[in-house]
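**Student:** Questions regarding the structure given below will be posed in turn.
The values are calculated or read from the model by the stated rules, or taken from the named source; none is laboratory data. Not measured: the values here are computed from a predicted model. Ideal geometry is used to build each Cβ from the backbone, glycine not excepted, and the neighbour counts take in all protein chains shown. The protein model used for the area step is the full one, side chains on, heavy atoms only, and it has no ligands, DNA or RNA in it. Shrake-Rupley method; radii C 1.70, N 1.55, O 1.52, S 1.80 Å.
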There are 2 protein chains.
Amino acid sequence: MTPRILEVRQQILKKNDLCARALRARFDEAGVIVVSLVSSPGAGKTTLLQATLSRLAAGGLRVAALVGDLATDNDARRLAESGAPVRQIVTGTVCHLEADMVDAALAAAQWPLNQLDFLFIENVGNLVCPSSYDLGEHARVVLLSTTEGEDKPLKYPTIFNTSDAAVVTKLDLAGPAGCDLPQMSANIQDVRPGLPILLLSARSGQGMNQWLDFLHNLSTPATQPAQL
Amino acid sequence: MTPRILEVRQQILKKNDLCARALRARFDEAGVIVVSLVSSPGAGKTTLLQATLSRLAAGGLRVAALVGDLATDNDARRLAESGAPVRQIVTGTVCHLEADMVDAALAAAQWPLNQLDFLFIENVGNLVCPSSYDLGEHARVVLLSTTEGEDKPLKYPTIFNTSDAAVVTKLDLAGPAGCDLPQMSANIQDVRPGLPILLLSARSGQGMNQWLDFLHNLSTPATQPAQL
């Protein structure tokens, strides 16, 4: 059985890569910067995205978001409060987003991509499976909250290896949770030397300016990640 | 492609179910109660297990644990400090445990099962994929920390639907995290009416006695879950 399963999996991944490549070409042509967020459930992707959409929109930028979940459109409703166009992707039992889901959601949304500055894609909360699926994004950002423990990068290395930046969230809870921030950063660097690390709390606002600077720099060719 | 993928998946699940059934029969014959723990990464499975092994062992019970992770044997080393026999299952890129991994780990460990009162199985941190794989356990316990947000049961319903109890962890952080505990419990009950819910903090010890009572009751036939 094993060779057959592997073969099917390879075909799925290849199909995904082709679709992701086509998406990235469309994003480049439209001049929209696409950022995906991955993390455990409850690390704070939606809360960060809420604060990000509001601040970017307040700064005159045109932003939109796709959000993936197994069930509910709770996140899309939360994010719509920012005023930005948001569309939910309900995956059912699928534990991650795939490029064709992004493609289908964009087709349904009919957003004029060339009138957007940023498109965010929030993945299903899962530190494992999303790492294998390119969504055509320009930068994948992995979130890790201070309440999850310093050891998570060591235990879930692939998602850190395939990301372009790490954001340590819930900085306001680092004290109560007893999080050793230098150790957490050292563990991220152990797994992926040189990965940019941002520390923030979307609730308190601490570190949000650096995060916004990071996003702005993605749209400046000189500082774009290698794959842009 | 889709029908072929589904067919392969059904065969994998069927193979897993047969293996799980055989494991459960062995556990029943040996008289060992087997409890699996599932949750997001960082919800506190290992910390709860550490406190649980120590307290059960201090009460004269014979306990052992298998712990699953993509990488590292950190958890096995942490748990071994309790003095209980512990074995790590390193899954590589596999996002969940399967019954044959449990079977292989038990064969390698060579623990005399009939001399154990409790065997714990800590799954890979993942709120999605482990829900599909029976491990032969008598009770599956899903952990959800107060820092993850009240909405997680609604967004990850399958893991709650397939569990025999929910444990809300990090109760000491509910205040700092602004967790609405009644809402979290209501969301669990929405998804799975009647599911027993325990609230605890392994760090402060609050709620640990009720958790130990829950475990003791699993070994009393009158109060065992239906599948025992």
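**Student:** Nearest 500 deg cm²/dmol is fine: what mean residue ellipticity at 222 nm does chain A get from its DSSP H runs of n ≥ 4 alone, each adding -39,500 (n - 2.57), divided by its residue count?
**Tutor:** Working: 9 runs with 96 residues, N = 228.
Calculated from helices alone, the mean residue ellipticity at 222 nm is -12500 deg cm²/dmol.
**Student:** For residue A:73, place a label point 7 Å out from Cα along the Cα→Cβ vector, do the same in each other copy, and report the separations in nm, one decimal, smallest first.
**Tutor:** Residue A:73 label point versus its equivalents elsewhere: 5.0 nm.
**Student:** Ranked from highest to lowest mean number of other Cβ atoms within 10 Å per residue, what is the order of the peptides B:59-70, A:56-67?
**Tutor:** Details: B:59-70: 21.2, A:56-67: 18.7.
Packing order, densest peptide first, comes out as B:59-70, A:56-67.
**Student:** Only Cα pairs within less than 10 Å get springs; with that Gaussian network setup on chain B, which residue of B:176, B:196, B:85 has the largest fluctuation?
**Tutor:** B:176
**Student:** Here's another thing I want to ask about it. Give a residue-ordered list of calculated ³J(HN,Hα) values for the stretch A:27-34 (Karplus: 6.51 cos²θ - 1.76 cosθ + 1.60, θ = phi - 60°; whole Hz; x for Gly, Pro).
**Tutor:** With the stated coefficients, the stretch A:27-34 comes to 4, 4, 5, 7, x, 9, 8, 10 Hz.
**Student:** Amide H neighbours of residue B:96 under 5 Å, at least 5 residues apart or on other chains, H built in the peptide plane: list them.
**Tutor:** It is none; the list stays empty.
**Student:** Next question. Give me the inter-chain shielding for B:151-158: mean count of other chain Cβ atoms within 10 Å, whole number please.
**Tutor:** Mean inter-chain Cβ contacts per residue within 10 Å come to 6.
**Student:** I would also like to ask the following. Taking only the alpha-carbon positions of the stretch B:52-105 and ignoring solvent, what does the Debye formula give for the base-10 log of I(q)/I(0) at q = 0.13, 0.14, 0.23 Å⁻¹?
**Tutor:** Computed log10 I(q)/I(0) values: -0.34, -0.39, -0.85.
**Student:** Next question, about the same structure. Assign one of three labels to the stretch A:30-122, namely rounded, prolate or oblate, based on the Cα gyration tensor with a ≥ b ≥ c the square roots of its eigenvalues; rounded applies when a/c is under 1.5, prolate when it is not and a/b is larger than b/c, and oblate otherwise.
**Tutor:** Details: a/c = 1.79, a/b = 1.24, b/c = 1.45.
Oblate is the answer for the stretch A:30-122, as a/c is 1.5 or above yet b/c matches or exceeds a/b.
**Student:** Next question. State the percentage of accessible surface on the stretch A:2-216 attributable to carbon and sulfur atoms; use a 1.4 Å probe and exclude ligands, DNA and RNA.
**Tutor:** For the stretch A:2-216, the apolar C and S fraction of the accessible surface comes to 51 percent.
**Student:** Mind ranking B:11-17, A:125-131, A:27-33 by how tightly packed they are, going by the mean number of other C-beta atoms within 10 angstrom, highest first?
**Tutor:** Values: B:11-17: 14.3, A:125-131: 26.4, A:27-33: 16.4.
Answer by packing, highest mean first, reads A:125-131, A:27-33, B:11-17.
**Student:** Give me the distance in nm between label points sitting 7 Å out from Cα along the Cα-to-Cβ direction at residue B:13 and residue A:217, one decimal.
**Tutor:** About 4.6 nm separates the two model spin labels.
**Student:** Do any of A:170/B:170; A:170/B:152; A:170/B:155; A:15/A:152; B:45/B:170 go past 22 Å between their Cα atoms, and which?
**Tutor:** Working: A:170/B:170 15 Å; A:170/B:152 17 Å; A:170/B:155 20 Å; A:15/A:152 30 Å; B:45/B:170 11 Å.
Correct reply: A:15/A:152.
**Student:** Label position 7 Å from Cα toward Cβ: report the copy-to-copy distances for residue A:180 in nm, one decimal, ordered from shortest.
**Tutor:** The answer, with the shortest distance listed first, is 3.7 nm.
**Student:** Shortest first, in nm, what separates the label point of residue A:21 from those of the same position in the other copies (7 Å along Cα→Cβ)?
**Tutor:** The answer, with the shortest distance listed first, is 4.5 nm.
**Student:** Take the alpha carbon gyration tensor of the stretch B:2-216, find the square roots of its eigenvalues, order them as a ≥ b ≥ c, and report rounded if a/c is under 1.5; if not, report prolate when a/b exceeds b/c, else oblate. List each step's numbers first, then the result.
**Tutor:** Values: a/c = 1.67, a/b = 1.12, b/c = 1.49.
Oblate, because a/c is 1.5 or more while a/b does not exceed b/c.
**Student:** Per-residue mean of other chain beta-carbon atoms within 10 angstrom of the beta-carbon, peptide B:70-76?
**Tutor:** 4
**Student:** At a 10 angstrom cut-off on C-beta neighbours, averaged per residue, how do the peptides B:148-154, B:92-98 rank from highest to lowest?
**Tutor:** On the way: B:148-154: 22.9, B:92-98: 18.7.
Those peptides, ordered most packed to least, come out B:148-154, B:92-98.
**Student:** Would you mind giving the mean number of other chain beta-carbons within 10 Å of the Cβ of each residue in A:34-43, as a whole number? Walk me through the numbers before you get to the answer.
**Tutor:** Values: counts 0, 0, 0, 0, 0, 2, 9, 18, 17, 6.
Average per residue, whole number: 5.
**Student:** Ordered by residue, what ³J(HN,Hα) values in Hz, to whole numbers, does the stretch A:184-190 give under the Karplus form 6.51 cos²θ - 1.76 cosθ + 1.60, where θ = phi - 60° and Gly and Pro are x?
**Tutor:** 4, 5, 4, 5, 5, 5, 4
**Student:** With a/c under 1.5 counting as rounded, go ahead and sort the protein assembly as shown into rounded, prolate or oblate using the C-alpha gyration tensor (a ≥ b ≥ c being the square roots of the eigenvalues; past the cut-off, prolate if a/b is larger than b/c, else oblate). Kindly include the intermediate steps, with their values, before the conclusion.
**Tutor:** Numbers: a/c = 1.93, a/b = 1.55, b/c = 1.24.
It is prolate, given that a/c is not under 1.5 and a/b is the larger ratio.
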